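What follows is one structure encoded as structure tokens, with my remarks underneath.
The values are calculated or read from the model by the stated rules, or taken from the named source; none is laboratory data. Small disclaimer: the values here were computed from a predicted structure and weren't measured. Backbone-built Cβ (ideal geometry, glycine too); neighbour counts: all protein chains shown.
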Amino acid sequence: MRKDDVLMGAKESEGRFSRFVFPIFVGCVGCLGILISFIGIMLALISLTIGGVKGSVLGRVVGVIKVEGILADADGVGMVSSEVVTKLLERAKEDSSIKAVVVRINSPGGSASVAQEIYQAIMDFKKSGKPIVASMGEVAASGGFYIASAADFIFASPSTLTGSIGAIFATINFEGLMRKIGVEAEAITSGPFKDTGSGLRKLRPEERKLLKQMIDDVYEQFLSDVARGRKLQVSQIRPIADGRILTGRQALKFKLIDRLGGLQEAISFAAERAGIKGKPRVRELRYRRRLWESVDFKPTPFDFKSMLLLDLRLCPNWLLRNAIKELAVEVVRAR
């Protein structure tokens, strides 16, 4: 093959590259540029719609935090933890677009320590200067009332079940049943009170005295915190702080709440307190666990030995009703 033929073939190959490959390359670069521009536009739109809520244009937000279920130290069906509520309050405090918060409470109470933690979280939130209003739902009794008392202002419906200021420790004695079926139980303890509250035997008189002292101490803490939150004297609350359940209308008479009204009235009041003009934007704050938090499963500590409960009368009804609700939802899904 002659040298001229080789050179001619090379030029023809170069021409084919220029005519076919190069335009494809340019097209790909162009498409990449368009894609990058599209992503930039989408990010800008997302920033305006989501992040922009934090801006001054849409910064007329009233945040709503729902506290629904039995107060417990772990999440579960029909339960709420102080960890979740505290994180939502912190988020609302840091978000400059949220001018006020309404805590919607629908809880019969539960763990005394969880109620105290949420109460303190609300008191800490108040230091931000943002108004925080409690809105009682169907039930806001015992621990539910405990946490509501920390708010700046409390709304309740006339038929809301609230009050129930007090504490209780309960245990179940299986001694008689075990004797009937021929089962005996023994416990080796490091001290005389280590197995206090065990369901395997009756309480001894000294144990009853010890537990009564503990319950009285929690009761006094409850009473003191409610008085501080409601800006009342303990002597004003003590006469009705005997565990009695009150309706919203009765609670208003005893100054345990401030006004009768529902969630919308509470939102409007909070917006007014925050100086929001016109109709406020309402945003429900929700806590979504990260994947690694969901994997870290903790069993719900719902047993009478590990939980000092503020009220046991309403809790079983609450659990039963929520179980029926969940069953109804599953039946609808199955159809």
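Overview of results
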item: Qualifying residue in the range 157-168 (condition: more than 30 Å from residue 266 (Cα to Cα) and in the same structural domain as residue 269 (by TED's automatic domain parsing)); result: yes
item: Hits in the range 42-94 - residues which are at pLDDT below 85 and assigned to a helix (DSSP H, G or I); result: 42, 43, 44, 45, 46, 47, 48, 49, 51, 52, 53, 54
item: Helices (runs of 4 or more DSSP H) lying entirely in the range 95-183 (those with 2 or more residues that are closer than 20 Å to residue 222 by Cα); result: 112-125, 143-148
item: Selection from the range 211-256 of residues that are surrounded by fewer than 19 Cβ atoms within 10 Å (Cβ to Cβ), in a loop (DSSP other than H, G, I, E, B) and not small (Gly, Ala, Ser); result: 231, 232, 233, 242, 244, 254, 255
item: Residue 311 vs. criteria surrounded by 15 or more Cβ atoms within 10 Å (Cβ to Cβ) and either modelled with pLDDT under 55 or not assigned by TED's automatic domain parsing to the domain that holds residue 67 (or both); result: yes
item: Residue in the range 185-205 that is assigned by TED's automatic domain parsing to the domain that holds residue 136 and in a helix (DSSP H, G or I) present; result: yes
item: Filter result for residue 177 (over 30 Å from residue 263 (Cα atoms) and surrounded by 15 or more Cβ atoms within 10 Å (Cβ to Cβ)); result: no
